[in-house]
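Asks: Here it is: the structure, laid out below.
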Amino acid sequence: MFRRVRLQLTGAYTAFLLLTILVLAAALYLATRESFDEEIDESLTETREELQTLSPQQLRATLGLEAQSPDDPSLVADAADNDQQEEGNNEGGPPSLDPGMFFIVTTLDGQPVANPLRIELEHLDFPAIVAGVDESERVRNVSAGNDRYRFLSLLLPAEEIEGQSDLYLLIGRSLDSRDRQLANLLSIMLAGGAIAAAVAVAGGLLLAGRSLVPIREAMAKQQRFISDASHELRTPIQVVRANNEILLRYPERTIEENRDQVEAIEAEADLMGKLVSDLLTLARGDEDEVQLEVERLDLAKVLADVARDLGPAAAERSLVLDVQLTRVEVEGDPRRIRQLAVILLENAIKFTAEGRVSLSTAQSNRWGEFSVSDTGPGIPQEEQARVFERFYRLDSARSRAEGSAGLGLAIAQWIVEAHHGRILLESTPGQGSTFTVRLPLTR
């Protein structure tokens, strides 16, 4: 199951990353193309503006209208002309003419009459280029064989070129450099996209694997929890079933005669009821369904009530219950704080054979504290980290005899964490243990 989920997460992560890269790459490509086109259009416009500053005689000379006629063989470029095109760009046109720029002059029906830089005209469809051009200028891209150009086409009225009829001026620029740079950019993007896809798959597998670790641990913990709960419920159910069979086997006996069986059933029912209640508390805590009723309370008053209620249990075991409480105001749910104190004090009384159990309060910095200490057997260092685990019992046989399922300290830890506090354990084998709870002071 986890392998399939990991692959699904990797696929979703990779698809999202590639989609993001695709959108960014498309935006970059379009922005770059737009930038190139704006630069080309700006150069065409600047050339047109520069031509407009020339006198009619200078304009005719620049455009080659005095030296050429429609039948002039120089309108068609030969191989030598093509080799000298760059030189012509610098010598035949205005001094500021950009590399790759050229002029073509045509009649109104699209027949070329001037080609001062001797551009190859064989594949250019001039009637189509000038189609639709009126008194306003027009910019368009034109393909001619393997070459591409961008033309700014405008009308040259006769009054602007004395001695001539109305003509069209085509200011052109080759798109080879622009297309080559865009092709290189696209190649880089495709190569980068392929690398990004490989990295995304590898990274997705790694991230998906890591993200599933907490889920694996949570499911393993849940399965262990269910297994432990089933194990804990199995024993009391077996006890109830066994005693019930005895009762059914001798229906003629009175309740008094079956007192042992009835009391055993009652004890196991109480144990199961407490276990189910504890399980429900932890389950609700895990789902954050338990709402704390936080208020300002005196920790000493809550603990005094707990000490009073559990005093008889300590006396029954011949233990001294040492209570030293001072007023400490904290933020908390009185019912849950009482439950927490009962768990810790009951454990101390249950697992202390002789000596004393102490309950005290203190205040330090921003914490209100209370401690429960005992003179019991203590907890080995290697076991201390596990005492808050669910169903963990240091002495399983004794815990079972005391009616403990190993959930008390797990509930205690949940209550402390729900109050944004801390619970600490200090224990030395043979010398006893001390649990210290720190809760936020009132503001």
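Asks: Checking the conditions here, which among GLY145, GLY192 is farther than 21 Å from ASP41 by Cβ and in contact with a His (Cβ under 9 Å, 6 or more places away or on another chain)?
Replies: GLY145
Asks: Can you tell which of PHE388, PHE370 is crowded, with 20+ Cβ neighbours inside 10 Å, at negative phi and not charged (D, E, K, R)?
Replies: Every option except PHE370 fails the conditions.
Asks: Let me ask another. For segment 290-356, please list each of the strands (runs of 3 or more DSSP E) lying entirely inside it that holds at least 3 residues being more than 44 Å from the chain's Cα centre (by Cα) and within 13 Å of SER371 (Cα to Cα).
Replies: 320-324
Asks: State the number of residues belonging to segment 142-195 that are exposed (fewer than 14 other Cβ atoms within 10 Å of the Cβ) and not in a helix (DSSP H, G or I).
Replies: Residues in segment 142-195 being exposed (fewer than 14 other Cβ atoms within 10 Å of the Cβ) and not in a helix (DSSP H, G or I): 8 in total.
Asks: Which of the residues spanning segment 405-443 are in a helix (DSSP H, G or I) and closer than 16 Å to LEU303 by Cβ?
Replies: Of everything in segment 405-443, those that are in a helix (DSSP H, G or I) and closer than 16 Å to LEU303 by Cβ turn out to be ALA412, ILE415, VAL416.
Asks: Name the one entry in VAL276, VAL262, VAL290 that is of a type in the set (Val, Ile, Thr), farther than 22 Å from THR436 by Cβ and touching a Phe, Trp or Tyr at 6+ places or on another chain (Cβ under 9 Å).
Replies: Answer to the selection: VAL290.
Asks: Here's another thing I want to ask about it. I'm trying to understand the selection: among the residues of segment 48-73, which are at pLDDT below 50 and either hydroxyl-bearing (Ser, Thr, Tyr) or part of a loop (DSSP other than H, G, I, E, B) (or both)?
Replies: Those that are at pLDDT below 50 and either hydroxyl-bearing (Ser, Thr, Tyr) or part of a loop (DSSP other than H, G, I, E, B) (or both): ALA67, GLN68, SER69, PRO70, ASP71, ASP72.
Asks: Closer than 18 Å to GLY421 by Cβ, of a type outside the set (Val, Ile, Thr) and open to solvent by less than 30 Å² (accessible area, probe 1.4 Å): is that true of LEU310 in this structure?
Replies: Answer is no for this residue.
Asks: Of all residues in segment 186-214, which are under 15 Å from LEU9 (Cα atoms), in contact (Cβ under 8 Å) with a residue 40 or more places away in the chain and of a type outside the set (Ser, Thr, Tyr)?
Replies: Listed by number, the residues that qualify are ALA197, ALA200, VAL201, GLY203, GLY204, LEU205, LEU207, ALA208, GLY209, LEU212.
Asks: Just checking, does segment 319-342 include any residue being of a type in the set (Val, Ile, Thr), open to solvent by 30 Å² or more (accessible area, probe 1.4 Å) and at pLDDT below 90?
Replies: No.
Asks: Go through segment 259-301 and give me each residue that's within 14 Å of GLY408 (Cα to Cα), buried (at least 18 other Cβ atoms within 10 Å of the Cβ) and among the β-branched types (Val, Ile, Thr).
Replies: THR281
Asks: Test VAL199 against the stated conditions and say whether it is assigned to a strand (DSSP E or B) and of a type outside the set (Gly, Ala, Ser).
Replies: So VAL199 fails the test.
Asks: Is one or more of the residues making up segment 96-116 modelled with pLDDT of 80 or more, open to solvent by less than 10 Å² (accessible area, probe 1.4 Å) and out of contact with any strand residue (DSSP E or B) (no Cβ under 7 Å at 6 or more places or on another chain)?
Replies: yes
The values are calculated or read from the model by the stated rules, or taken from the named source; none is laboratory data. Predicted model only: the values in this text are computed from it and were never measured. Cβ sites come from the backbone with ideal geometry, for glycine too, and all protein chains shown count toward neighbours. Quick note on the areas: whole protein, heavy atoms, side chains included, nothing else; ligands and nucleic acids left out. Shrake-Rupley method; radii C 1.70, N 1.55, O 1.52, S 1.80 Å.
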